[in-house]
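The values are calculated or read from the model by the stated rules, or taken from the named source; none is laboratory data. Every value quoted in this text rests on a predicted model; they were computed, and no experiment measured them. Positions of Cβ are backbone-derived with ideal geometry, glycine not excepted, and every protein chain shown enters the neighbour counts. Heavy atoms of the whole protein, side chains included, go into the accessibility calculation; ligands, DNA and RNA do not. Shrake-Rupley method; radii C 1.70, N 1.55, O 1.52, S 1.80 Å.
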Amino acid sequence: MSEKTKIFISYSHKNEKDFMVLMSHLNAIAKYNNLDTFTDQQIDIGETLDEAIQEKLQEAHMVVCIVSTEYLNSDYCIRKELEIALEKQLIDNTKIFPIIAEESMWKRTYFGQLKCAPKDGGPVSKYENIDSAYLTIVDQLMNQIEKNRESEIEKKRQSDSSVVLTVGKV
């Protein structure tokens, strides 16, 4: 079985409803799909928030951002989470998976350069059924995770074959 995919959830607490629905769907499939999700709600009382968040961000393979006006206005979400995720993306190809929770000016930010969920970045708030929207989003997320896993397997396979070729030349 492959290594667990570590997912960091970045969100504004003002988007608690979106967060809870997303987590409900993710938690339902996590153990069957080798997922390890982290949210700030898992930080123990007495633990240093910044240290715990930064540690989990550094371990993450994927950062899911629940984007809203509140998220974009949050210095913490942008400066302490998104900016670190962007640095990690350059270093180790950490994936950023934006979810547009509500209408906002997201297209005029970094997220405007990315393909966003749900379909074409149409906000979840426009869906008649938020549960159905997040079900589709989690399916999109799993498709991305599976694609990432296949890519990692192929990289490892190529790396292993180059080692064999190098050893064979000696």
ask   = Scaled to the compact-protein estimate 2.2 N^0.38 Å, what is the alpha-carbon radius of gyration of the chain, rounded to two decimal places?
value = 1.13
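Exceeding 23 Å between C-alpha atoms, which entries from my cross-link table qualify? They are LYS6/LYS80; LYS31/LYS155; LYS6/LYS107; LYS17/LYS126.
Going by Cα-Cα distance, LYS31/LYS155; LYS6/LYS107 fall outside the 23 Å limit.
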key: With all protein chains modelled, accessible area of ILE53 [1.4 Å, Å²]   = 10
query = So which residue, out of TYR76, TYR127, TYR32, gets the largest mean-square fluctuation from a GNM of the chain using Cα contacts under 10 Å as springs?
reply = TYR32
request  = Select from VAL21, VAL67, GLY46 the residue farthest towards the positive end of the dipole of the stretch 1-87; place +1 on Cβ of Lys and Arg, -1 on Cβ of Asp and Glu, and compute about the Cα centre.
outcome  = VAL21
remark   = Classified through the alpha carbon gyration tensor (a ≥ b ≥ c as square roots of its eigenvalues; rounded if a/c is under 1.5, else prolate when a/b is larger than b/c, else oblate), the stretch 73-119 comes out oblate
task = Among ASN34, CYS77, PRO118, flag the residue with its Cα farthest along the positive direction of the charge dipole of the stretch 22-138, charges on Cβ as +1 for Lys/Arg and -1 for Asp/Glu.
result = PRO118
task = Let me know the shape class of the stretch 42-107, please: from the alpha-carbon gyration tensor, a ≥ b ≥ c as square roots of the eigenvalues, rounded when a/c is under 1.5, otherwise prolate if a/b is greater than b/c, or oblate.
result = oblate
query = So what is the accessible area of the chain per residue, in Å², with the probe set to 1.4 Å?
reply = 61
ask   = Can you pull the percent of the stretch 56-170's accessible area that's carbon plus sulfur, 1.4 Å probe, other chains left in place?
value = 51
query = Per-residue ellipticity at 222 nm for the chain, helices alone: DSSP H runs ≥ 4 residues times -39500 (n - 2.57), over residue total, nearest 500 deg cm²/dmol?
reply = -16000 deg cm²/dmol
